[in-house]
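K.L.:
Handing you a structure now.
The values are calculated or read from the model by the stated rules, or taken from the named source; none is laboratory data. The shown structure was predicted, so the numbers you read here are calculated from the model rather than taken from an experiment. In this analysis, Cβ positions are derived from the backbone assuming ideal geometry, glycine residues included, and neighbour counts consider all displayed protein chains.
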Amino acid sequence: MCGIVAGVAERSVAPILVEGLRRLEYRGYDSAGMAVFTGTEIERARVLGKVVGLTEQLEQKPLVGGLGIAHTRWATHGRPSEMNAHPHISGSDIALVHNGIIENHEALRAELLTDGYNFASETDSEVVVHLLAKVYSETKDFVEAFRQVVSRLEGAFALAAIHAEDSTSMMIARNGPPLVLGHGLGENFAASDMYALLPVTNQFTVLEDGDIAHVTRASVTLWDKAGELVERAQVTSTQSNDVADKQGYKHYMLKEIHEQPNAVLQTLEGRLGQVQVLPGSFGPDADSFFGGVENIHIIACGTSSYAGMVSRLWYETLGIPTTVEIASEYRYRQVAMPKNTMIIGISQSGETADTMAALEYAIENGARGVLAICNAPESSITRLAKITLLTRAGREIGVASTKAFTAQLTALALVAGYIAQLRGDDEFAAEMTAALKALPEQIVEALALDKQIDQWAEHILHKDNALFLGRGLHFPISLEGALKLKEISYIHAEAYPAGELKHGPLALVDENMPIVAIAPQDELLEKVLSNLHEVEARGGELFILAGEGVNYEPEQSNLVHIIKMPAVSRLLSPLVYTIPLQLLSYKVALMRGTDVDQPRNLAKSVTVE
Ligand code: G6P
């Protein structure tokens, strides 16, 4: 999603803004741009494509000045192009960057066209800069004009704007997408996340929805959504400023896949004792919060929702009625909220707009409170939660989530183990504790299947479609396997519970349809195996991840490929079976030559609806 960096300083801000944009690249984008007040006017550089292209343009023609705004754009209204890239300019003296969607842009555009403003782009964002110019022409006061304009906008936005008549200040606003202020000595910055500004400061103010700020080098004036002057606390970021690097791996995704044993260890650290989940791991209020839980609604999007689907089966084993809800649906439903419902919000980024809105809705709708499972400290979702369990997977750069997913599952398993302890279900708690302890080593063993996965990838490489099958705890893992494959290799892939095969997808099976099946040694094994025979009988090519003791007797050996999985625990087997599926999608994408870390059209942090 779009990223914003802006700064007002004595020194030249362009290098700081470029570094900030580079640090926001992980969010996903298609074009980049910057506008700087260079002494007498605002000058702009924009490119279709990567930040590195912008850097090259700036090397040819530097933009030198102490006031600037910069942006990475993820297209919503108007195709990816240089013309649609931000900053947008009105006349020659106002420049603006926007993250989000202006829902009343059509009405505003019509009004501005009538007033004689010319539009140079197809974006919704451009209406904001022209409206700013229009109101400024009436008020002659940039601060006042900006505040009036924000009050007329509907939708979700983070904004930063500068005016050529004041080289020492900028205006910013937040309503939805994240925006933080970074405070330096005699200089101030704003950005979509703290990480973008860590090279220049670790002192931040997190803007709240409805906030507007007038930012100069030495001061910040902040108004809240009621228009009242407000002071917000400054926080010191505890994030590491390490510039993410690939450490010899070809892609971040591959590095992150291999970091999973450690990500799991980090998530467990200080939380898992010898025989139990450590009391205190979830904070002082956890026992009373968890203690009264009678129902659970898990709310998430994408990969995070699949983590939720696995964990649902653990919570149900504990006797707690649990549903898993796609946030974008939940937020618009008339949800019947049972008594004492704990909401579990799962989000690697902590900023997903739909998840945020669904959690807010659940709170208003009478939920007991939110437990946030999140990989981003200080993110929006953690701020509305009663209890936050940070997954500590470390920064994930690849858009397709891998280590954040296994860390989410680990955190959800810790919660299940702890609730079991509180309820006196010692058997479950002991089994979960033992399973968690054994997990990192089992993931290491699964990673060693790398070479065998290469062979599978060569078979799947030229296919147009793929089916993934699993049952029980492994059905969500098959969904995740299919999602990974489509996200980064662009092969159409779908997942089904194996028992559903006969109710439709079997019609698709022929020699062109690879079927990836998860067949661990569990109580559903015989049923899965008989589903697989049905596939083979129709000429489908099978790729089976088989549990250590599983024997599948192929009818035609050339159509069946089997990888023997390491021994796993009953409860946490899904975390291990997801590893070869991640590797498979990675290898297929690599062979097809796609942009693995930043797949087309996708974003890591989805801050608009
Ligand atoms: C995007 C990301 C996915 C992620 C999903 C939910 O689509 O590319 O990797 O699973 O958003 O994001 P969240 O940050 O809420 O987990």
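K.L.:
What do you reckon, is Ile381 within 13 Å of the ligand (Cβ to nearest atom), hydrophobic (A, V, I, L, M, F, W, C) and either outside any helix (DSSP H, G or I) or not assigned by TED's automatic domain parsing to the domain that holds Tyr586 (or both)?
P.N.:
Here the answer is yes, as Ile381 does meet what is asked.
K.L.:
How many residues are crowded, with 18+ Cβ neighbours inside 10 Å and either touching a Leu at 6+ places or on another chain (Cβ under 8 Å) or not assigned by TED's automatic domain parsing to the domain that holds Arg174 (or both) if we restrict to region 101-126?
P.N.:
4
K.L.:
Here's another thing I want to ask about it. Which condition from (1) away from the ligand (no atom under 16 Å from the Cβ); (2) of a type in the set (A, V, I, L, M, F, W, C); (3) closer than 17 Å to Ala400 by Cβ is the one that Ile488 breaks?
P.N.:
Here Ile488 clears every test but (1).
K.L.:
Which members of region 342-378 meet the condition of being within 30 Å of His251 (Cβ to Cβ), assigned to a strand (DSSP E or B) and more than 10 Å from the ligand (Cβ to nearest atom)?
P.N.:
Ala372
K.L.:
Report, by residue number, each residue of region 56-77 that is in contact (Cβ under 8 Å) with a residue 60 or more places away in the chain and either within 13 Å of Gly7 (Cα to Cα) or not assigned by TED's automatic domain parsing to the domain that holds Leu96 (or both).
P.N.:
Narrowing region 56-77 to residues in contact (Cβ under 8 Å) with a residue 60 or more places away in the chain: 65-74, 76.
Across region 56-77, the qualifying residues are Gly65, Gly66, Leu67, Gly68, Ile69, Ala70, His71.
K.L.:
Would you tally the residues in region 439-453 being part of a helix (DSSP H, G or I) and either free of Cβ contacts under 8 Å to residues at least 24 places away in the same chain or over 15 Å from Gly547 (Cβ atoms) (or both)? It would help to see each step written out before you state the result.
P.N.:
Filtering region 439-453 for residues part of a helix (DSSP H, G or I) gives 439-447, 450-453.
From what's left, either free of Cβ contacts under 8 Å to residues at least 24 places away in the same chain or over 15 Å from Gly547 (Cβ atoms) (or both): 439-441, 443-444, 447, 450-453.
Looking only at that region, the number is 10.
K.L.:
One residue is enough: does region 198-220 have a residue meeting the conditions in the same structural domain as Leu67 (by TED's automatic domain parsing), buried (at least 18 other Cβ atoms within 10 Å of the Cβ), more than 30 Å from Glu165 (Cβ to Cβ) and in contact (Cβ under 8 Å) with a residue 40 or more places away in the chain?
P.N.:
Yes, the conditions are met somewhere in region 198-220.
K.L.:
At pLDDT 95 or above and β-branched (Val, Ile, Thr) - does that describe any residue in region 271-288?
P.N.:
Narrowing region 271-288 to residues at pLDDT 95 or above: none.
For region 271-288, residues at pLDDT 95 or above and β-branched (Val, Ile, Thr): absent.
K.L.:
Restricting to region 569-595, name every residue that is assigned to a loop (DSSP other than H, G, I, E, B) and polar (S, T, N, Q).
P.N.:
Across region 569-595, the qualifying residues are Ser569, Thr594.
K.L.:
Still on this structure: State which residue is farthest from the ligand (Cβ to nearest atom) when the search covers only region 1-48 and only residues that are part of a loop (DSSP other than H, G, I, E, B) and crowded, with 24+ Cβ neighbours inside 10 Å.
P.N.:
Among them, the one singled out is Val13.
K.L.:
Quick check on Ile491: is it modelled with pLDDT of 95 or more, surrounded by fewer than 23 Cβ atoms within 10 Å (Cβ to Cβ) and touching a strand residue (DSSP E or B) at 6+ places or on another chain (Cβ under 8 Å)?
P.N.:
So Ile491 passes the test.
K.L.:
Same structure, new question: What are the pairs, 6+ residues apart or on separate chains, where a residue within region 271-287 that is touching a residue at least 60 places away in the same chain (Cβ under 8 Å) has its Cβ under 6 Å from a residue that is surrounded by fewer than 17 Cβ atoms within 10 Å (Cβ to Cβ) and assigned to a loop (DSSP other than H, G, I, E, B)?
P.N.:
Arg271/Leu278
K.L.:
Find the helices (runs of 4 or more DSSP H) located wholly in region 275-341 whose residues include 3 or more that are within 16 Å of the ligand (Cβ to nearest atom), and list them.
P.N.:
Fully inside region 275-341 and qualifying: 302-317, 327-330.
K.L.:
Evaluate region 397-416: report whether one residue or more is of a type outside the set (A, V, I, L, M, F, W, C), part of a loop (DSSP other than H, G, I, E, B) and touching a His at 6+ places or on another chain (Cβ under 8 Å).
P.N.:
Yes; the residues of region 397-416 include at least one that is of a type outside the set (A, V, I, L, M, F, W, C), part of a loop (DSSP other than H, G, I, E, B) and touching a His at 6+ places or on another chain (Cβ under 8 Å).
K.L.:
When you scan region 454-477, how many residues do you find that are touching a strand residue (DSSP E or B) at 6+ places or on another chain (Cβ under 7 Å), hydrophobic (A, V, I, L, M, F, W, C) and part of a helix (DSSP H, G or I)?
P.N.:
Number satisfying all stated conditions: 4.
Yes/no per residue for (1) modelled with pLDDT of 95 or more; (2) aliphatic (A, V, I, L, M); (3) in contact with a Phe, Trp or Tyr (Cβ under 7 Å, 6 or more places away or on another chain):
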| residue | (1), (2), (3) |
| --- | --- |
| Ile443 | yes, yes, no |
| Trp456 | yes, no, yes |
| Asn465 | yes, no, no |
| Val509 | no, yes, no |
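K.L.:
Follow-up question, since we're still on this one. Pairs only if they're at least six apart or on different chains, beta carbon under 6 angstrom, first in region 340-352 and without any contact (Cβ under 8 Å) to a residue 40 or more places away in the chain and in the same structural domain as Arg392 (by TED's automatic domain parsing), second of a type in the set (Val, Ile, Thr) and within 9 Å of the ligand (Cβ to nearest atom); list them, first residue then second.
P.N.:
Gly350/Ile381
For (1) surrounded by fewer than 18 Cβ atoms within 10 Å (Cβ to Cβ); (2) assigned to a helix (DSSP H, G or I); (3) without any contact (Cβ under 8 Å) to a residue 24 or more places away in the chain; (4) not assigned by TED's automatic domain parsing to the domain that holds Met253, each residue gets a yes or a no:
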{"site": "Asn512", "(1), (2), (3), (4)": "yes, no, no, yes"}
{"site": "Val535", "(1), (2), (3), (4)": "no, yes, no, yes"}
{"site": "Leu545", "(1), (2), (3), (4)": "no, no, no, yes"}
{"site": "Glu548", "(1), (2), (3), (4)": "yes, no, no, yes"}
{"site": "Ala567", "(1), (2), (3), (4)": "yes, no, no, yes"}
